[in-house]
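Undergrad: Encoded as structure tokens, here's the structure I'll be asking about.
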Amino acid sequence: MIWIQRLWTGFMVLFIIHGVWRGQYTSAFLLSCMLLYLANAQSVHEAWKTRAPALMAACAIASLILSFLIGLQRANTILNSQEPTEKIGIDDKVLPARLVRGGDKGLLFFSLDDKKIRFLRWESVKQIETL
């Protein structure tokens, strides 16, 4: 039965490498966490029962890493995209763009014309059309 465990671990490592290679950072990180958990399940449960500070710190750090990787994956998706998701009308022209974030002061987007991240204040935006 040990060979099944090793085979399964090997496949998990291949899935993690494939996820990183394809830019799926969050999936690769979560698979890595699952692999670590399954390898150390007994000691993790004991630490959980005693509310060990090291386990709580590890969970907090893992949450921070996960939130960073979600942002990194989203940024890579936006920067590597070729197709616009929105058309932003300003003054007399329309810009094909990928929206990054809309805030109370303006609009942050990736301009596909010049391949740059740009910010427009709401006063200069005439229309936004979703494709």
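Undergrad: Among (i) 1.04; (ii) 1.01; (iii) 1.19, find the value of Rg/Rh (Cα atoms, Kirkwood Rh) that was calculated from the structure presented, and write down its label.
TA: After the calculation, the listed value that fits is (iii).
Undergrad: Right, another one. About the Cα centre of the chain, what is the dipole size in debye to 20, counting +1 per Lys and Arg Cβ and -1 per Asp and Glu Cβ, all else neutral?
TA: 280
Undergrad: Next question, about the same structure. Compute the angle between helix 25-39 and the longest alpha-carbon principal axis of the chain, please, reported from 0 to 90 degrees and rounded to the nearest 10.
TA: The two axes meet at around 10 degrees.
Undergrad: Continuing with this model, one more query. Put a dot 7 Å past each Cα toward the Cβ at Leu99 and Ala41; how far apart are the dots in nm?
TA: About 4.3 nm separates the two model spin labels.
Undergrad: So what's the back-of-envelope 222 nm ellipticity for the chain, counting only DSSP H runs of four-plus at -39500 (n - 2.57) apiece and dividing by all residues, rounded to 500?
TA: Numbers: 4 runs with 71 residues, N = 131.
Result for the chain, helices only: -18500 deg cm²/dmol.
Undergrad: Could you please state how large a percent of the accessible area of the chain is carbon and sulfur, counting protein chains only and using a 1.4 Å probe? Before the final figure, lay out the partial values.
TA: Working: 6130 of 9590 Å².
C and S atoms contribute 64 percent here.
Undergrad: While we're looking at this one, here's another question. Quick one: length gained pulling Thr85 to Ser63 fully straight, 0.36 nm per residue minus the C-alpha distance? Spell out each step's value before the answer.
TA: Working: separation 22, 0.36 × 22 = 7.92 nm, distance 2.96 nm.
Stretched out fully, the Thr85 to Ser63 stretch lengthens by 5.0 nm.
Undergrad: If you don't mind, there's one more thing I want to ask. Which angle from 0 to 90°, rounded to the nearest 10, does the C-alpha axis of helix 53-79 make with the longest principal axis of the chain?
TA: Taking the Cα atoms of the chain, the angle to 53-79 is about 40 degrees.
Undergrad: Report, in whole Å, the centroid distance computed from the Cα atoms of segment 64-88 and segment 13-42.
TA: With segment 64-88 and segment 13-42 each reduced to a Cα centre, they are spaced 20 Å.
Undergrad: For the chain, report the accessible area per residue in Å² (1.4 Å probe, heavy atoms, rounded to an integer). It would help to have the intermediate numbers written out before the result.
TA: Details: 9590 Å² over 131 residues.
Roughly 73 Å² per residue, with all protein chains present.
Undergrad: While we're here: Hey, can you grab everything whose amide H is under 5 Å from the amide H of Ile128? Only 5+ residues off in sequence or another chain; H modelled, so Pro and N-termini drop out.
TA: Counting only residues 5 or more places away or on other chains, the set is Gly89.
Undergrad: Same structure, new question: Mind listing the long-range amide H neighbours of Gly23? Cut-off is under 5 Å, sequence gap 5 or more, other chains count too, H placed in the peptide plane at 1.01 Å from N.
TA: Those qualifying (amide H under 5 Å, at least 5 residues apart or on another chain) number zero.
Undergrad: Could you compute the FRET efficiency for Asp114 and Arg22, with r as their C-beta to C-beta distance and R0 at 25 Å, rounded to 0.05? It would help to have the intermediate numbers written out before the result.
TA: Details: r = 27 Å, r/R0 = 1.09.
FRET efficiency, Asp114 to Arg22: 0.40.
The values are calculated or read from the model by the stated rules, or taken from the named source; none is laboratory data. Because the structure is a prediction, the values reported are computed rather than measured. When we count neighbours, we look across all protein chains shown, and the Cβ atoms used for this are built from the backbone with ideal geometry, even at glycine. Remember, those area values only see protein heavy atoms, side chains included, never the ligands or the DNA or RNA. Shrake-Rupley method; radii C 1.70, N 1.55, O 1.52, S 1.80 Å.
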